[in-house]
1. Taking the range 7-64, which residues are in contact (Cβ under 8 Å) with a residue 40 or more places away in the chain and of a type in the set (Val, Ile, Thr)?
2. Starting from residues that are part of a strand (DSSP E or B) and buried (at least 16 other Cβ atoms within 10 Å of the Cβ), keep the ones in the range 182-196 and report whichever is modelled with the lowest pLDDT.
3. Please find, among Asp68, Asp76, Asp62, Asp90, the residue that is touching a strand residue (DSSP E or B) at 6+ places or on another chain (Cβ under 9 Å), modelled with pLDDT under 85 and not hydroxyl-bearing (Ser, Thr, Tyr).
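The values are calculated or read from the model by the stated rules, or taken from the named source; none is laboratory data. Worth saying up front: this structure is predicted, and the values here are computed from it rather than measured. Here the Cβ positions follow ideal geometry from the backbone for every residue, glycine too, while neighbour counts run over all protein chains shown.
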Amino acid sequence: MKNNNSRAFTLVEIIVSTVVIASIMITLVSSLWLSSEIWRKGQQKNMLMNQMRTVHDLITRDISLAVDVSPYSSTDTSIAVITSATLSYDLKIIATLPSNTATTVSGTATFAISHNTDTRVLSRKWMTKSASITAAQKTELEKWFQFTLARDVATFVTTRSSSFTVSVNLGLESLGEDYAETISLEATDTYLCPGVKQ
């Protein structure tokens with residue numbers, strides 16, 4: 001009679017090792033998924049912060065160069081709180097025409113930063129011009145002065161509470177891939193406007 005002393009794994013040992021390996025794999029996959037979600041949310045938040053910074057920088061630059069900011073006139077000395085969904089201001093324009101670099105255009109133009117609630121876009125548009133700028137020159141220069149500032153804009157409210165300040169509340173909102181969750185960012189900045197002319 002031959003004695004078989006070969007060792008093998010029992011069924012219980014195989015089941016226990018399979019459960020341990022499966023639980024380790026589930027833990028690794030779930031932690032990888034969680035870290036990718038955290039990274040995606042961080043990227044969306046960074047994108048919103050960059051858009052917020054871009055809008056802030058443009059408004060700061062334009063308001064500091066503005067001749068006049070609406071709804072107040074620089075000659076208006078009355079004080080009333082005015083809230084609007086559009087920020088309008090006059091800028092002095094000195095520009096060279098792209099089609100004719102020998103021609104320099106100068107004058108005053110009114111610009112408006114407004115929020116389209118349907119498309120969720122914040123854009124700057126050239127509204128009116130001074131008499132020194134012809135309609136043809138305005139048409140040629142519009143592509144340089146009109147543009148989209150930000151997308152995914154939830155709110156844009158301007159408040160003019162004094163003759164020398166304007167507050168802008170900007171809310172950005174990024175929808176998730178499955179629209180189940182959103183990432184929101186909101187800030188209110190106050191800007192100094194041109195002084196009241198007396």
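1. Answer for the range 7-64, where residues must be in contact (Cβ under 8 Å) with a residue 40 or more places away in the chain and of a type in the set (Val, Ile, Thr): Thr54, Val55, Ile59, Thr60, Ile63.
2. Initially, the range 182-196 is screened for residues part of a strand (DSSP E or B), giving 182-192.
Then keep just the ones that are buried (at least 16 other Cβ atoms within 10 Å of the Cβ); that gives 183, 185, 191.
Values: Ile183: 81, Leu185: 84, Tyr191: 86.
Ranking the qualifying residues of the range 182-196, first place goes to Ile183.
3. Checking each option against the conditions leaves just Asp68.
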